[in-house]
Amino acid sequence: MRNVEEIRTQEQIVAIIIYNDFNKDGIEFFTPAEFSQQLGFMKHSKGHKIQEHIHRLQPREVKYTQETLFIRNGRVRVHFYNDDKVHLTSRDLNTGDVILLASGGHGFEFLEDTEMVEVKQGPHSGDNDKERFVGRK
């Protein structure tokens, strides 16, 4: 079981993958506290309660977009690149896998019909936050 994998350069985390076979009781977060998107896993038994709460207004500065993808079904190959657009590695994701794209570049090759849910910071700025490039492997 692979469970959780970090894709890294020497300097930074490029992505964190939580494979669909990950399982652990309680709460575990996989991201450093300074990430603008936090990724965690929760598993609680029937009857467990989380105290009602409101999130306080906390002004935050988002300097770059991080996105999380939930693979609802299908299969997709993700190609990872460093900040200089040099290919690092690729991974195949399957139904139930979750990935946080934290830094560097990425591209997708759909190996099957695939449905994904994407979560990222807003407000949405269209293509203004992207620089497209032709990846080379």
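The values are calculated or read from the model by the stated rules, or taken from the named source; none is laboratory data. Remember, it's a predicted structure, so these values are computed and weren't measured experimentally. A quick note on method: Cβ atoms are made from the backbone with ideal geometry, for glycine too, and the neighbour counts reach across all protein chains shown.
When you look at residue 56, is it loosely packed, with under 14 Cβ neighbours inside 10 Å and touching a residue at least 24 places away in the same chain (Cβ under 8 Å), yes or no? No: the conditions fail for residue 56.
Conditions tested, residue by residue: (1) of a type in the set (A, V, I, L, M); (2) under 14 Å from the mean Cα position of the chain (by Cα); (3) at pLDDT below 95.
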| residue | (1), (2), (3) |
| --- | --- |
| 15 | yes, yes, no |
| 19 | no, yes, no |
| 28 | no, no, yes |
| 33 | yes, no, yes |
| 38 | no, yes, yes |
| 78 | yes, yes, no |
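Within the stretch 63-99, the set of residues being in a loop (DSSP other than H, G, I, E, B), among the hydroxyl-bearing types (Ser, Thr, Tyr) and more than 14 Å from residue 119 (Cβ to Cβ) comprises 64, 95.
Of the residues making up the stretch 63-77, those that are of a type outside the set (Asp, Glu), over 14 Å from residue 19 (Cα atoms) and surrounded by 12 or more Cβ atoms within 10 Å (Cβ to Cβ) are 65, 66. Each residue in the stretch 91-137 was checked for being on the phi > 0 side of the Ramachandran plot and surrounded by 14 or more Cβ atoms within 10 Å (Cβ to Cβ), and 2 of them qualify.
Within the stretch 8-30, the set of residues being among the β-branched types (Val, Ile, Thr), over 15 Å from residue 69 (Cα atoms) and crowded, with 17+ Cβ neighbours inside 10 Å comprises 13 only.
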